[in-house]
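For reference, the structure discussed in these notes is given below.
The values are calculated or read from the model by the stated rules, or taken from the named source; none is laboratory data. All of these numbers come straight from a predicted model, not from anything done at the bench. Virtual Cβ from ideal backbone geometry, glycine too; neighbours counted across all protein chains shown.
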Amino acid sequence: MPRKSTSVHCAAVDLGATSGRVMVGTWSHHRLELKEVHRFPNAVRQVGDNAYWDIAGLWEQVQQGLDLAAKSLPEGDILASVGVDTWGVDYVLVDQTGRAVYPTHAYRDDRTQAGLSSLVADPKILRKIYRATGIPAIFLNSSLQLAETVATHPAITTIAKRCLFLPDYFNFLLSGKMTNGQSIAGTAQLLNVKTGGWSRSTLKHFGVPAGWFTPPLTSGTGLGRVRDMPALKRTRVIAVPGHDTTCAYDAIPAAADGTDILLSSGTWSLVGMENDRPLLNDGAIAARVANDQTGRGDYRPLVNVIGLWLLEETLKEFKARPQKAAEWTKLINAARALPASEHLLDVTDSAFGNPTSMRRAIDQQLKRRRLKLPRDLAAYTRLICDSLGQGHADVIANLTKLSGRTFKRIIMVGGGAQNALLCQATANAAGLPVLSCQLEGSAVGNMANQLIALKAVKDLPEFRRHLTKQLKSKTYQPGTG
Ligand code: ADP
Ligand code: LRH
């Protein structure tokens, strides 16, 4: 006899720039049991002068993962729902039937450089766009990408009928519904930071057709059942926050009094805080604060620090990327055994955005400053982690100044939370304890939003309260390593 279960199962599809995963979460007795059923690599594909994502390959992996998710359940149980989150800003332009009509560029493609230069050259426009959207001028913004596409290929404005950001596109493939989720749309530099709707004046400035978008959908909206996948025919697609950083922040059990810094550490380090209003003054423009909108009326002002992309790209050149946890630990321990770096990299150097050789880009900065080059991979790893720690601390200093808030702790999630050297370097540079959580933040936040929509959990504060009880974490005190 199949067992009748009272637990709720949901699947999170979480796509990161370096890897994707499908996880199953089972909510039972106020506990979330997690199972990673599928993990696969992801990478930017350089073709000639441009950079793209392999969207078809990702879709294949998503389907495989969801089949495995359904198969992983006890007999008779079903996946109640699935939600998709991805990295920010990238999109698919489609016709009215959902057919892709333009290749999906990866955000590191330098096609936006000219647009970025002209934007930052005009402080009046820069301020106007920042005040409207709460998003700083960064090379990767969808606004700049879309402006480049429309300017280079004007016919696209008639060929394409909709712009679906990546979570929207995968939601469409799963459910057949074309929508734009609010959290991912918020990364585009095209939403009005105060109302959460599209900013008409900003769309006009970048020449992007307003008709390409639906009114932004808030998290928790149901999109109907999964289509064309027999194993999931009873599973609902739920629009969770499509931006992986929003999901990761949702999962972080931050103190309700706003004294925690939230740090999601992966390809990027997203260093932020929770606030009831956006930070929009000139100081926030200079500090490149992005005001992430939660859709619940509050904000997460955060700053993008280059993150472990620095290390990932350096590892490629040593042909020594660790695969297993034990290999990562070996590399991090070798770097920890070295003395702390005397001089640090300026991690805000734009040369690190998409260099053909990261090692050369690092060496060039050091040579320019007449500093000694690292000897081997361990020495590069030490330098990168120490420098990222300082990069995190610099952002925290800016957020402290801009918000007038005193922060007491940094809570770190994501792959980088497993890097003891990076956690300690962050604690030392910021002079704050780091609570590093063993938590697939984005996937867990994705599931939290599904469970709330399914009414298995009341709201986010309640989810965070329950999660805290089961969370495995380690504290790094400043000045102890
Ligand atoms: P993204 O979602 O942006 O692809 P992740 O959150 O998956 O990023 O983090 C990936 C990064 O985490 C890797 O680049 C690596 O530096 C780091 N990482 C992953 N596993 C470990 C580990 N066991 N020990 C130390 N660092 C790790
Ligand atoms: C992290 C992230 C970040 C964005 C970047 C494009 O994965 O979503 O928040 O700025 O990717």
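The table below gives the values:
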| item | result |
| --- | --- |
| Members of the stretch 273-292 that are within 22 Å of Leu126 (Cα to Cα) and either within 16 Å of ligand 1 (Cβ to nearest atom) or under 16 Å from the mean Cα position of the chain (by Cα) (or both) | Val289, Ala290, Asn291, Asp292 |
| Residue, farthest from the chain's Cα centre (by Cα), within the stretch 117-141, restricted to residues that are among the β-branched types (Val, Ile, Thr) and either modelled with pLDDT of 95 or more or closer than 16 Å to Gly186 by Cβ (or both) | Ile125 |
| Unmet criterion (only one of (1) surrounded by fewer than 18 Cβ atoms within 10 Å (Cβ to Cβ); (2) more than 16 Å from ligand 2 (Cβ to nearest atom); (3) under 24 Å from the mean Cα position of the chain (by Cα)) for Tyr52 | (2) |
| In the stretch 301-327, the residues that are assigned to a loop (DSSP other than H, G, I, E, B) and without any contact (Cβ under 8 Å) to a residue 24 or more places away in the chain | Lys319, Arg321, Pro322, Gln323, Lys324 |
| Qualifying residue in the stretch 411-429 (condition: surrounded by fewer than 22 Cβ atoms within 10 Å (Cβ to Cβ) and either without any contact (Cβ under 8 Å) to a residue 24 or more places away in the chain or in a loop (DSSP other than H, G, I, E, B) (or both)) | no |
| The one condition in (1) touching a Pro at 6+ places or on another chain (Cβ under 9 Å); (2) over 28 Å from Thr221 (Cα atoms) that Ala420 fails to fulfil | (1) |
| Members of the stretch 228-267 found to be more than 17 Å from Pro167 (Cβ to Cβ), in a loop (DSSP other than H, G, I, E, B) and either touching a residue at least 24 places away in the same chain (Cβ under 8 Å) or not assigned by TED's automatic domain parsing to the domain that holds Gly414 (or both), listed by number | Asp228, Met229, Lys233, Arg234, Ile252, Pro253, Ala254, Ala255, Ala256, Gly258, Thr259 |
| Of the criteria (1) closer than 20 Å to Gly297 by Cβ; (2) in contact with a helix residue (DSSP H, G or I) (Cβ under 6 Å, 6 or more places away or on another chain); (3) within 16 Å of ligand 2 (Cβ to nearest atom), which one Leu279 fails | (3) |
| Filtered residues of the stretch 54-92 (kept if among the charged types (D, E, K, R), within 16 Å of ligand 1 (Cβ to nearest atom) and under 16 Å from Val22 (Cβ atoms)) | Asp85 |
| Failed condition for Ser269, given (1) of a type in the set (Gly, Ala, Ser); (2) away from ligand 1 (no atom under 15 Å from the Cβ); (3) modelled with pLDDT of 95 or more | (2) |
| Residue within the stretch 445-461 that is within 24 Å of the chain's Cα centre (by Cα), under 19 Å from Ser269 (Cβ atoms) and either within 16 Å of ligand 2 (Cβ to nearest atom) or not assigned by TED's automatic domain parsing to the domain that holds Gly272 (or both) present | yes |
| Candidate set: the stretch 259-284, residues that are within 25 Å of Ala132 (Cβ to Cβ) and of a type in the set (Gly, Ala, Ser); chosen: the one surrounded by the fewest Cβ atoms within 10 Å (Cβ to Cβ) | Gly283 |
